[in-house]
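Working notes, structure below.
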Amino acid sequence: MIPFEKTYDIRELARHNLHVHTTNSGCAKPEMVLRDIVKEAERCSLRTIALTDHSNLGDENRIVSIGNARLREELKEIETDVKVLIGSEVSVYGFGKYSETEEVNDSLDFKLYSQNHYHVRFWEHPEDKSPRGYVKDMIRNLEELFRSGRADAVAHPFSGGYIKTIEDKTAVPNAFTDNELGDILTKARDADCAFEINVGPFIGMPEFSRRYFNIGKEVGVAFTLGTDAHTLDRIDTSQFVDEIIRIIG
Ligand SMILES: [Zn+2]
Ligand SMILES: [Zn+2]
């Protein structure tokens, strides 16, 4: 479930930054401590933030159990009107393969699934390593994810940015047909799973993003907006809003 009414108004979506990393993710900067994240969210008038530290295979105890328990303790000490969801960027790294147990999944306020961290060692790759091979791999894994009911949203969807063997980072998203996009976004809608506007890849692939957003809107899937913040200066969503609005046309 997403913590707000479904909307296609980017300014509304931008009131909620649902993709923020803390120091529990090794890739986040040391400044990403909860108190300062919340302070920055207040400064830019966000209503909701979701903390989505990485859950990699075998990490579920370290990041999600220990890390999130610590965040919950810290949150008790912070007075704020910002709604703070303690979730995770969890992994669907193959067909029916998830980085976290069902119990850990149940403990999360927001379950944001990555389906394309192909640069990570444990990720499974398709036998056909062409852009079409990766398209079919993502579709198959997402369909199974929706059947499982585990996901609230899909992170940086369809991006080929993490596939080291394909140099053109738009080759994979551009290999999706409109029908395939419509079909997978419809399945997400029926499974109550949102799709993310992840500002980096969204702005980086404007032609694909326009197609993705407009097909999603047509089928009625919910969108979330996330900046994938690893630094405090990426928490403010408003800096990306005009560019996103320009792209969707
Ligand atoms: Zn990611
Ligand atoms: Zn992330």
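Of all the residues that make up region 100-140, how many are farther than 28 Å from Leu225 by Cβ, within 16 Å of ligand 1 (Cβ to nearest atom) and among the charged types (D, E, K, R)?
1
Looking at Ile215, is it among the aliphatic types (A, V, I, L, M), under 16 Å from His19 (Cα atoms) and surrounded by 15 or more Cβ atoms within 10 Å (Cβ to Cβ)?
no
Residues of region 138-165 being of a type in the set (A, V, I, L, M, F, W, C), touching a Ser or Thr at 6+ places or on another chain (Cβ under 8 Å) and within 20 Å of Arg121 (Cα to Cα), which ones?
If the condition is that a residue be of a type in the set (A, V, I, L, M, F, W, C), touching a Ser or Thr at 6+ places or on another chain (Cβ under 8 Å) and within 20 Å of Arg121 (Cα to Cα), then Ala155 is the only one that fits.
Residues in region 147-184 that are among the polar types (S, T, N, Q), surrounded by fewer than 23 Cβ atoms within 10 Å (Cβ to Cβ) and either touching a Pro at 6+ places or on another chain (Cβ under 9 Å) or more than 21 Å from Lys217 (Cα to Cα) (or both): how many?
The total comes to 4.
Of all residues in region 110-146 being part of a loop (DSSP other than H, G, I, E, B) and within 16 Å of ligand 2 (Cβ to nearest atom), which is surrounded by the most Cβ atoms within 10 Å (Cβ to Cβ)?
Only one residue tops the list, namely Asn116.
Out of the residues in region 3-19 that are under 22 Å from Asn105 (Cα atoms) and part of a loop (DSSP other than H, G, I, E, B), which is farthest from ligand 1 (Cβ to nearest atom)?
Top of the filtered list is Phe4.
Taking region 59-78 on its own, how many of its residues are farther than 15 Å from Gly26 by Cβ and either within 20 Å of the chain's Cα centre (by Cα) or not charged (D, E, K, R) (or both)?
8
Having 3 or more residues that are away from ligand 2 (no atom under 16 Å from the Cβ) is the bar; report the helices (runs of 4 or more DSSP H) wholly within region 179-249 that clear it.
So the answer is 206-219, 238-248.
Determine, yes or no, whether Thr231 is touching an Asp or Glu at 6+ places or on another chain (Cβ under 9 Å) and either within 19 Å of Tyr118 (Cβ to Cβ) or surrounded by fewer than 20 Cβ atoms within 10 Å (Cβ to Cβ) (or both).
When the stated conditions are applied, Thr231 passes them.
Run down Thr22, Thr52 and say which single residue is of a type in the set (Val, Ile, Thr), under 14 Å from the mean Cα position of the chain (by Cα) and within 16 Å of ligand 1 (Cβ to nearest atom).
Going through Thr22, Thr52 in turn, just one is of a type in the set (Val, Ile, Thr), under 14 Å from the mean Cα position of the chain (by Cα) and within 16 Å of ligand 1 (Cβ to nearest atom): Thr52.
Given Ile215, Ile248, which one is of a type in the set (A, V, I, L, M), under 28 Å from Glu42 (Cα atoms) and more than 17 Å from the chain's Cα centre (by Cα)?
Ile248
Tell me, which residue of region 59-69 that is in contact (Cβ under 8 Å) with a residue 24 or more places away in the chain and not acidic (Asp, Glu) is nearest to ligand 1 (Cβ to nearest atom)?
Out of the qualifying residues, it is Ile63.
Please tell me if Ser45 is closer than 26 Å to Phe146 by Cβ and not in a strand (DSSP E or B).
no
FYI, it's all coordinate maths here, none of it is from the lab. These numbers were taken from a predicted model, which means no experiment stands behind them. Virtual Cβ from ideal backbone geometry, glycine too; neighbours counted across all protein chains shown.
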